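Since every read-out is calculated from the coordinates, none of them should be taken as a lab result. The shown structure was predicted, so the numbers you read here are calculated from the model rather than taken from an experiment. No Cβ is skipped: glycine too gets one built from the backbone with ideal geometry, and neighbour counts run over all protein chains shown.
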Ligand SMILES: Nc1nc(=O)c2c([nH]1)NC[C@@H]1CN(c3ccc(C(=O)N[C@@H](CCC(=O)O)C(=O)O)cc3)C=[N+]21
């Protein structure tokens with residue numbers, strides 16, 4: 001039976017470190033505020049945003065919550081971003097995705113000050129990731145790297161397969177595993193479905209972020225592999241589940257993340273770390289003292 005990678009427990013530890021870091025910064029007069037912007041009234045998004053605001057409270061990170069109506073214009077959203085960029089009390093800006101269809105998310109992300117981009121979605125930060133330079137990294141893949149490290153899973157020389165090529169998970173995940181010397185393969189919606197099982201079976205580290213409930217089954221998994229499930233899906237019964245069929249996968253995998261309690265809590269915890277890093281980037285003199 002696989003070792004269960006306890007994202008909930010690890011996330012609490014990461015939040016603890018972020019709380020200390022934020023306290024240290026604020027002692028030196030460096031503000032660590034997080035602005036969370038939510039446009040529209042999607043219930044799922046509202047739930048995630050509430051969770052993020054709770055995390056801030058636990059870490060002693062001051063948060064400001066901006067709820068904009070569904071019919072917010074691009075101009076209104078862009079002015080809010082500009083105002084938050086200029087506000088010295090705000091260290092980090094998070095615009096909850098997805099945005100309503102009439103808004104241009106690409107333009108919004110590009111407008112965020114790269115030093116305040118706690119999601120790590122800005123082209124400058126993604127460029128730094130490509131170049132292997134330090135910078136703000138997307139929270140989900142950053143949390144996954146942390147889980148691998150804590151559980152002693154070294155990507156160097158291993159075969160890593162990433163299922164999904166989104167800009168927020170699959171692509172940055174591939175680059176982070178590559179930076180740690182894994183051999184990477186990225187499968188996606190155009191991958192020959194007959195080949196998919198075989199590709200997954202080659203993985204020592206398998207990261208699944210495709211949004212299809214329970215797509216990856218036990219027989220797709222190499223015995224002993226580390227299986228990381230990024231899915232946030234609903235099964236036939238409407239119950240929260242991942243992209244991996246946990247029941248059959250845990251019989252084959254060496255280690256595996258559950259849903260809930262795996263990647264999700266770590267994603268939120270890394271956001272807290274990123275707020276501290278953002279504050280430090282804006283106040284390098286304080287970071288040196290820390
Ligand atoms: N700008 C932006 N940044 C994001 O990081 C971002 C986003 N937009 N839009 C949506 C996705 C999704 N996401 C999740 C984070 C944590 C959980 C999480 O904590 N899940 C819990 C369960 C939650 C539940 O019970 O519903 C768990 O896995 O244990 C889920 C989903 C962040 N996202």
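Which angle from 0 to 90°, rounded to the nearest 10, does the C-alpha axis of helix 7-27 make with the longest principal axis of the chain? That works out to roughly 20 degrees.
With respect to the chain, whose longest principal axis is taken over its alpha-carbon atoms, helix 139-150 is tilted by about 60°. Using C-alpha pairs under 8 Å with a sequence gap of at least 6, the mean separation divided by the residue count of the range 139-263 gives a relative contact order of 22 percent. Mean separation of Cα pairs under 8 Å and 6 or more residues apart, divided by the residue count, gives the chain a relative contact order of 24 percent.
P(r) for the range 1-155, from all Cα pairs and a bin width of 5 Å, is 2, 8, 15, 19, 21, 17, 11, 5, 2, 1, 0 %, short bins first. In terms of its C-alpha gyration tensor, the range 139-263 comes out rounded, because the ratio a/c of the largest to the smallest axis stays below 1.5.
Could you work out the Kirkwood radius for the chain, taking every pair of different alpha carbons, averaging 1/r and inverting it, reported in Å? If you can, show how the numbers build up before the last one.
Working: mean 1/r = 0.0511 Å⁻¹.
This gives a value of 19.6 Å.
Among 9, 171, the ranking by other beta carbons within 10 Å of each residue's beta carbon, starting with the fewest, stands as 9, 171. Normalised by the number of residues in the range 23-163, the mean separation of alpha-carbon contacts (under 8 Å, six or more apart) gives a relative contact order of 22 percent. Taking the fewest neighbouring Cβ atoms within 10 Å as the starting point, the ordered list for 153, 5 is 153, 5.
Between the range 268-286 and the range 2-36, the C-alpha centres lie 10 angstrom from each other.
Rounded to the nearest 0.05, what FRET efficiency do residue 85 and residue 194 have when you use their Cβ-Cβ distance and R0 = 51 Å?
0.60
The ranking of 6, 235, 229 from fewest to most other beta carbons within 10 Å of each one's beta carbon is 235, 6, 229.
Rounding to the nearest 10 and keeping the result within 0 to 90°, find how far the Cα-based axis of helix 74-86 lies from the longest principal axis of the chain. Computed tilt is about 70 degrees. Beta bridges from DSSP with both residues in the chain: antiparallel share about 5 percent, rounded to the nearest 5. Apply the a/c threshold of 1.5 to the C-alpha gyration tensor of the range 29-115 and tell me whether it is rounded, prolate or oblate. Because a/c hits 1.5 or more and a/b fails to exceed b/c, the range 29-115 counts as oblate.
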